[in-house]
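Q: One structure is given below, represented as structure tokens, and several questions about it will come after.
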Amino acid sequence: MFGYPGGVILNIFDLLYDDKDLKLILTRHEQGAVHAADGYARATGKPGVVLVTSGPGATNTVTGIATASMDSVPLVVIT
């Protein structure tokens, strides 16, 4: 899972951090998170998962979502 914490999803990130079975990769920007998840999905064939905050955090993922969608790359984005 790739993501960028902030705002209303901080509690979710706290829970994910405590889960030792889940690999959470933090990025410096939401757009980086969605492109990393896209690359992960392309390389592994598994869905890429992204977790970002709402509002501007969600809009920062639009380019990556569109890219994945146009190429039929499996991507799950949670805001």
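The values are calculated or read from the model by the stated rules, or taken from the named source; none is laboratory data. In this text the structure is predicted, and so the values were computed from the model without any measurement. Note that each Cβ is placed from the backbone with ideal geometry, even for glycine, and that neighbours are counted across all protein chains shown.
Q: Residue under question is residue 12, and the condition is that it be among the β-branched types (Val, Ile, Thr) and under 13 Å from residue 2 (Cβ atoms); does it hold?
A: Considered against the rule, which asks whether it is among the β-branched types (Val, Ile, Thr) and under 13 Å from residue 2 (Cβ atoms), residue 12 comes out as no.
Q: Provide a single number: the residues in segment 7-23 that are under 17 Å from residue 49 (Cβ atoms) and not charged (D, E, K, R).
A: 7
Q: Considering only segment 37-45, I want to know if a residue exists there that is within 22 Å of residue 12 (Cα to Cα), without any contact (Cβ under 8 Å) to a residue 12 or more places away in the chain and hydroxyl-bearing (Ser, Thr, Tyr).
A: no
Q: List the residue pairs whose Cβ atoms are under 8 Å apart, where the first residue sits in segment 13-28 and is among the charged types (D, E, K, R), the second is surrounded by 12 or more Cβ atoms within 10 Å (Cβ to Cβ), and the two are 6 or more positions apart or on different chains.
A: These pairs meet every condition: 23/1; 28/4.
Q: Do any strands (runs of 3 or more DSSP E) entirely within the chain hold 3 or more residues that are under 12 Å from the mean Cα position of the chain (by Cα), surrounded by fewer than 12 Cβ atoms within 10 Å (Cβ to Cβ) and of a type outside the set (A, V, I, L, M), and if so, which?
A: none
Q: Sticking with this one: Quick test of your reading of the structure: residue 72 fulfils all but one of (1) of a type outside the set (D, E, K, R); (2) modelled with pLDDT of 95 or more; (3) at negative phi. Name the failing condition by number.
A: Condition not satisfied by residue 72: (3).
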